[in-house]
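J.: Before we start, here is the structure in question, set down as structure tokens.
The values are calculated or read from the model by the stated rules, or taken from the named source; none is laboratory data. Quick caveat, the model's predicted, so the values are computed rather than measured. Positions of Cβ are generated from backbone atoms using ideal geometry, with glycine treated the same way; all protein chains shown enter the neighbour counts. Note: areas computed on protein heavy atoms with side chains; ligands, DNA, RNA excluded. Shrake-Rupley method; radii C 1.70, N 1.55, O 1.52, S 1.80 Å.
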Number of protein chains: 4
Amino acid sequence: MAGNSIGQNFTVTTFGESHGVALGCIIDGCPPGLALSEQDMQHDLDRRRPGTSRYTTARREADEVQVLSGVFEGKTTGTSIGLLIKNTDQRSQDYSNIKDLFRPGHADYTYQQKYGTRDYRGGGRSSARETAMRVAAGAVAKKYLKRVHNIEIYGYLSQLGPIAAEQVDVAQIEQNAFFFPDASKLDALDEYMRDLKKSGDSIGAKVSVVASNVPVGLGEPVFDRLDADIAHALMGINAVKGVEIGDGFDVVEQKGSEHRDLMSVDGFESNHAGGVLGGISSGQPIVAHMALKPTSSISIPGQSMTKQGDTADVVTKGRHDPCVGIRAVPIAEAMLAIVLMDHLLRHRAQNHDVQTSTPIIGMK
Amino acid sequence: MAGNSIGQNFTVTTFGESHGVALGCIIDGCPPGLALSEQDMQHDLDRRRPGTSRYTTARREADEVQVLSGVFEGKTTGTSIGLLIKNTDQRSQDYSNIKDLFRPGHADYTYQQKYGTRDYRGGGRSSARETAMRVAAGAVAKKYLKRVHNIEIYGYLSQLGPIAAEQVDVAQIEQNAFFFPDASKLDALDEYMRDLKKSGDSIGAKVSVVASNVPVGLGEPVFDRLDADIAHALMGINAVKGVEIGDGFDVVEQKGSEHRDLMSVDGFESNHAGGVLGGISSGQPIVAHMALKPTSSISIPGQSMTKQGDTADVVTKGRHDPCVGIRAVPIAEAMLAIVLMDHLLRHRAQNHDVQTSTPIIGMK
Amino acid sequence: MAGNSIGQNFTVTTFGESHGVALGCIIDGCPPGLALSEQDMQHDLDRRRPGTSRYTTARREADEVQVLSGVFEGKTTGTSIGLLIKNTDQRSQDYSNIKDLFRPGHADYTYQQKYGTRDYRGGGRSSARETAMRVAAGAVAKKYLKRVHNIEIYGYLSQLGPIAAEQVDVAQIEQNAFFFPDASKLDALDEYMRDLKKSGDSIGAKVSVVASNVPVGLGEPVFDRLDADIAHALMGINAVKGVEIGDGFDVVEQKGSEHRDLMSVDGFESNHAGGVLGGISSGQPIVAHMALKPTSSISIPGQSMTKQGDTADVVTKGRHDPCVGIRAVPIAEAMLAIVLMDHLLRHRAQNHDVQTSTPIIGMK
Amino acid sequence: MAGNSIGQNFTVTTFGESHGVALGCIIDGCPPGLALSEQDMQHDLDRRRPGTSRYTTARREADEVQVLSGVFEGKTTGTSIGLLIKNTDQRSQDYSNIKDLFRPGHADYTYQQKYGTRDYRGGGRSSARETAMRVAAGAVAKKYLKRVHNIEIYGYLSQLGPIAAEQVDVAQIEQNAFFFPDASKLDALDEYMRDLKKSGDSIGAKVSVVASNVPVGLGEPVFDRLDADIAHALMGINAVKGVEIGDGFDVVEQKGSEHRDLMSVDGFESNHAGGVLGGISSGQPIVAHMALKPTSSISIPGQSMTKQGDTADVVTKGRHDPCVGIRAVPIAEAMLAIVLMDHLLRHRAQNHDVQTSTPIIGMK
């Protein structure tokens, strides 16, 4: 299939540009019988929505999602689910000046070169606005995973520039505008962001995402390993430049005796692996991290090129997040949910019904 | 398709267990007319092959690949290419003692739980031996990319435990058994590995891989972005726990004014992006890094479980790499080549022939 | 991908129920630069639309399609194209009486058993109404094929019950409400349909579809042969029970000396093959036929079952085509166009650029 | 994926040319725990094998299949299964004279034009020899379907030229070299074939294939309908020009009151639909038919072209079936088995576990 779909048995296909008529997606392969309404998606859409705090872009979009098909009498029917979000606050005029300009760090140049044309308004298809539909689709997966397997997924901002969370208090995450799990650092974050905004610059971030109660056995080696598909899904989020599973790049300096997770009758005694062994979920929490680059939409001038081949200085005006990592938290959760949902269905397809596995004593 | 295939228009499907009869793969979608023989693959197979230095496993496999189809009169015909490598040095007796044992850090437990059974000999399908076929298939992609687009791909060990390359001298890489690009650190590496082997432990590593002369325009947003597919391919290599594109996790602490690659009439002035913008290749070199965990096959005892639910101490004897990262260099190159090849074909499929893009002056 | 998508490099994914809020689809992989507007699709939508003659269902739907994305300044951008048609004439009340009833010959029973639930209003997802989006997507493919390769696609009703076209006058097809190419039989058709309507019964039909100027080389053996994919696309249209390429079932009684198409310097001398040899287009016109069953929605009572397991007599009232084959003509054209478009892109991906084929003298 | 794979969750990928080193395939997605050995495939391979009667080609191939992976201690492990058949009776010298010749009715011309090159020995990849691997893979699917769901699949020759079976006696099928189910016509068949062989000509055929005990619910509308995927699989067999489900082309002249299958408390009262309603299996036997053209390899001269653009008369010498339809019986069974297997797994993936369907009284 072409590039706007993800997932094999649970497939999400999206469309929509930043300043087009609407964003939409089709969820195909959702099992029937799941109670589903717009409200189930709106919560996560609101978490991702711009304009909810002073540290995110001031663009105001209601991001009201509409279910167009696939749900009957309040439940999914097993047929394809059509979702739509109309664009309401488009302000196309903001962007006409960059029509022929390749903003540095943006996808303007590569889109133009790949397609020979591009919708330059607000980044067109390359805008982070596109991720709204991922969040909507992810909410459907999240609900199914929770209802059927009690799988819980949560994400948080683990680092913003130099400020890293030193403890992860899950209860804290939704209590602040940063999705930050360490209350002791909120003042520092606030101050850092205020200074950053004043300077007209932007900053990178690290986002972590965790899924607990994931059954053992998800992942289809040797290529569609669970960790490989999580890496694909997270690296496919705008601005992401790195993905880690479990200890991630820390393993470079670890010894084997240090890294391997020992087992006892109570299960694994640690989780350096991040819940994946040999590309298959181990029953431990899935833990992934991703690095997001600082947005290139800043008010500090930077040299660039025009479509005509001239150099030009670029200054971004208008509404932009100084740290795109913050709003990426619900997107990361959504992508992890979509991958787990797809792998749950894929695993179920192959389920060994000829010879059942012997249950392992002392392990779940 | 099920999990043992990768690529859409250039598809590689593999089979084979560590101690089975043979390993094999089918390359489907290779364009016709490419001169191809076993010799084209043997070089990279030899680079990956165990037993070539004292720092890799002593298992001795000729790893001689045989072309069974898809090549006629020395050239590819456009039909599917069948490749075969027979296993010759299997020593099954080494493994019978771990039949019922889940070695910590290995895929024994997850394979057993997923499938209800497993080929326990040498890790079966989860063995790194499986990657030989990836290297063979990758060599075909590498040859095509070089011949048709002059794309060059090379990888190297950028860090082994605490020892990181401080300079990258490409000419140096193939001059030592570590694929290490910094000659000034070879003695330190040698000493480190000697001590490590004595201690019976293992160590993690970081491998980097670079592709130059990649045309602008490869990548299919929003999900099959080039960076997302590279992440999928690299994270799908055994023991990999992290993947970075360009600056990777360093972006977390970068500012926008620092990260963005400015442009002049001579092209980009830096490559923090690692050759990918908005999921599409920019014409700059593609740069990726991956973190490999230390192998869990070590001679230091570790507590584990048996299939019957009892605890047991595990000591790995026999032939194992103390640093699996070293031999991962040709595998990383192969996977990058397969991804680029697939995206080259995918991009070609969509090629804009209705309206041709205006060439950008001053940019390649 | 799940079942509501078709095509690999040109992918069409649809959603929507007969009596839901809207129908929609996403076209992914359309090359950039194609001039496209709603008008390009409306013509074929109108040809398929119910209520346009007295021999089709009286349901009145404007079937106005809206382009939501993927087109900028009048041309495709290469990104995914979102299309929407709102349902306006739904009359749900017509269907409440069949809530628990499995109408014979319909998909009521199989949908209920497969999914454990179903949208019973007007057949829900199994309604032929779903094909409107196929026609819209097909119109995009048709336009591209015509613009870039001058490929022409047309379909016609070749037989309705006992009345078969004896000659095919292409100019005649759009001159009558039957898409019938033999003017000498129009009176007979008219009379047959009048009698049929009076009797409350329905009738089967045969539809033919032809594509000319198709380049040699489309089709990806051995499984994704062009003929195999055409069969998949046509058999996937509601009510179709048979598909033929070229001479189709007539070949059963043909001898080899009779069937094979001889060649001369002017090309092929006949087209028994229907334009496909070895699963690859030969440059001759692609010719396919399909058999459509008579609709089961008739006013003659028939015994059926309820969800509760009781027998019940079914009489269909309301608006239904006595011959669903008639309106299937634009659907068949659309599906053929989608398959050709996908194969054109797939062939282009593999295009042999290492060694170019020697052009064959005297053959196009 | 490229064109040499079929199936989504149960994927079969093949390679191999008529006169290459070997044929092979990879079965990916087979559930673990199925007892499997070479013997399970050999029976069907022998049924397809040439040289077993005087009415099939005299080429002698042992067609001995070898299992290279995916089976451990006699059972499938859930990993990819590699299969290999070595070519032993290749006689390449027979074919050198057709190196530059496009035999009429064959794929020589289209392969040459598509790929710019071709393996001309025995038709290369376009040879029916390639179907041996389909039969091997189909045997695995057949065994699983039988073991787990008691699904029975059998095919037969329903017509050869003018001689059609008037009754279907399943017990008779394997009792004669024609797979013909009507013993009363065996003498006529024998005489017809003797005359045909004398004349140097060939003849078309119709093959039927039936699967019983198929559970309700297989098929993924609206595009991956079960009937659409059967059509794809059967039309993808060499020489097939038409496919029917149930009554097939007879529906063109049927009335709705005649075609629809009425239901009673004992289930369906007829099976005009051929076991598929709305693209989903109904629990009735799946019934499909296919038309096979007469082979173009005949000893009656026919005009053709050379690669250089000259005309030339073609006379096929050597070993060829006068009716390729006969040996197509096990191939049709294999393809149906592969499709059902894939859809069984796909349906299982989506299985409604949130809300279970109410069982229908009186229906299986």
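J.: With the cut-off at 13 Å, report for the range D:1-41 the share of all Cα pairs above it, as a whole percent.
T.: On the way: 533 of 820 pairs.
Looking at the range D:1-41, the distances longer than 13 Å represent 65 percent of pairs.
J.: Sticking with this structure for a sec: Roughly how big is the D-B contact, given as buried accessible area in Å² (both sides, 1.4 Å probe, nearest 100)?
T.: Roughly 3200 Å².
J.: Mind listing the label-point distances from C:Ala164 to the same position on all other copies, shortest first, one decimal in nm, points 7 Å along Cα→Cβ?
T.: With the label placed 7 Å along Cα→Cβ, C:Ala164 yields 1.3, 7.8, 7.9 nm.
J.: Would you mind checking the tilt of helix B:186-199 against the longest principal axis of the Cα atoms of chain B, expressed as 0 to 90 degrees and rounded to 10?
T.: So the inclination is approximately 30 degrees.
J.: For B:Lys317, go 7 angstrom from Cα along the Cα-to-Cβ vector, then report the distances to that same point in the other copies in nm, smallest first.
T.: Inter-copy label distances (nm, one decimal, shortest first): 6.6, 7.7, 8.6.
J.: Here's a follow-up. Given the C-alpha atoms of the range D:141-202, compute the convex hull and give its volume per residue in Å³.
T.: In the range D:141-202, the Cα hull volume divided by residue count equals 101 Å³.
J.: If you don't mind, another one. Roughly how tilted is helix D:324-349, in degrees to the nearest 10 and between 0 and 90, from the longest Cα axis of chain D?
T.: Computed tilt is about 40 degrees.
J.: Oh, and also: More than 25 angstrom separation, counting every C-alpha pair in the range A:167-304; what % is that?
T.: Working: 3955 of 9453 pairs.
Percent of Cα pairs beyond 25 Å in the range A:167-304: 42.
J.: Another question, if that's okay. Across the Cα atoms of the protein assembly as shown, what radius of gyration and what greatest pairwise Cα-Cα distance (Dmax) are found, in Å?
T.: Final numbers for Rg and Dmax: 31.0, 97 Å.
J.: Give me the accessible area per residue for the range B:84-216, probe 1.4 Å, as a whole number in Å².
T.: 36
J.: Just check the range D:1-152 against the gyration tensor rule for me: Cα atoms, a ≥ b ≥ c as the square roots of the eigenvalues, rounded for a/c under 1.5, and otherwise prolate or oblate depending on whether a/b exceeds b/c. Let's see the in-between values first.
T.: Details: a/c = 2.35, a/b = 1.75, b/c = 1.35.
In terms of gyration-tensor shape, prolate.
J.: What percentage of the solvent-accessible surface of the protein assembly as shown, computed with a 1.4 Å probe over protein heavy atoms, is contributed by carbon and sulfur atoms? List each step's numbers first, then the result.
T.: Working: 20250 of 43310 Å².
Looking at the protein assembly as shown in its full context, I get 47 percent from C and S.
J.: At 7 angstrom along the Cα-to-beta-carbon line, where would the label on C:His149 sit relative to the other copies? Give the distances in nm, shortest first.
T.: Shortest to longest, the spacings are 2.3, 3.6, 4.2 nm.
J.: So how tilted is helix B:38-48 from the main axis of chain B? Cα-based, degrees 0 to 90, rounded to 10.
T.: It is inclined by approximately 60 degrees.
J.: Also, quick follow-up: Indicate the gyration tensor shape class of the range B:62-210 (rounded, prolate or oblate), computed on the Cα atoms with a ≥ b ≥ c the square roots of the eigenvalues: a/c under 1.5 is rounded; otherwise a/b larger than b/c is prolate and the rest oblate.
T.: It is oblate, given that a/c is not under 1.5 and a/b is not larger than b/c.
J.: Follow-up question, since we're still on this one. Could you work out the Rg to Rh ratio of chain A, with Rh taken as the Kirkwood radius (inverse of the mean 1/r over all Cα pairs)?
T.: 0.98
J.: Stick to Cα atoms and the Kirkwood definition of Rh, then tell me Rg/Rh for the range D:286-345.
T.: Ratio of gyration radius to Kirkwood radius for the range D:286-345: 1.20.
J.: Ratio of the range D:212-280's C-alpha Rg to 2.2 N^0.38 Å, to two decimals?
T.: Against the empirical 2.2 N^0.38 Å value, I get 1.21 for the range D:212-280.
J.: Dividing the alpha-carbon Rg of the range A:181-227 by 2.2 N^0.38 Å yields what?
T.: In units of the 2.2 N^0.38 Å rule of thumb, it is 1.97.
J.: When Lys and Arg each count +1 and Asp and Glu each count -1, what net charge do the other residues less than 9 Å away from D:Ser18, Cβ to Cβ, add up to?
T.: 0
J.: Quick one: Kirkwood hydrodynamic radius for the range A:245-296, alpha-carbon pairs, angstrom, one decimal?
T.: One decimal place: 12.3 Å for the Kirkwood radius.
J.: Are there GluC sites (Glu not before Pro) in the range C:162-197 that DSSP marks as loop and that have at most 12 other Cβ atoms within 10 Å, and which are they? Display every interim value, and only then the final one.
T.: Details: sites: C:Glu166, C:Glu174, C:Glu191; in loops: C:Glu166.
Loop-located and lightly packed - C:Glu166.
J.: Using the Karplus curve 6.51 cos²θ - 1.76 cosθ + 1.60 with θ = phi - 60°, work out ³J(HN,Hα) for each residue of the range A:158-166 in order, rounded to whole Hz, and write x for Gly and Pro.
T.: Couplings: 8, 7, 10, x, x, 9, 9, 5, 9 Hz.
J.: Here's a follow-up. At q = 0.12, 0.17, 0.23 Å⁻¹, what log₁₀ I(q)/I(0) does the range D:229-340 have when each alpha carbon counts as one equal point scatterer in the Debye sum?
T.: Summing over Cα pairs of the range D:229-340 leads to -0.60, -0.90, -1.25.
J.: Given H placed 1.01 Å from N in the peptide plane, which residues other than close sequence neighbours of D:Val276 have an amide H under 5 Å from its amide H?
T.: For D:Val276, the qualifying residues are D:Ser282.
J.: Could you tell me which residue in chain D puts its beta carbon nearest the axis mapping D onto A, with the distance rounded to whole Å?
T.: Nearest residue, distance rounded to whole Å: D:Ala349, 2.
J.: Distance between Cα centroids, the range D:219-274 to the range D:111-186: provide it in whole Å.
T.: Computed from Cα coordinates, the inter-centre distance equals 20 Å.
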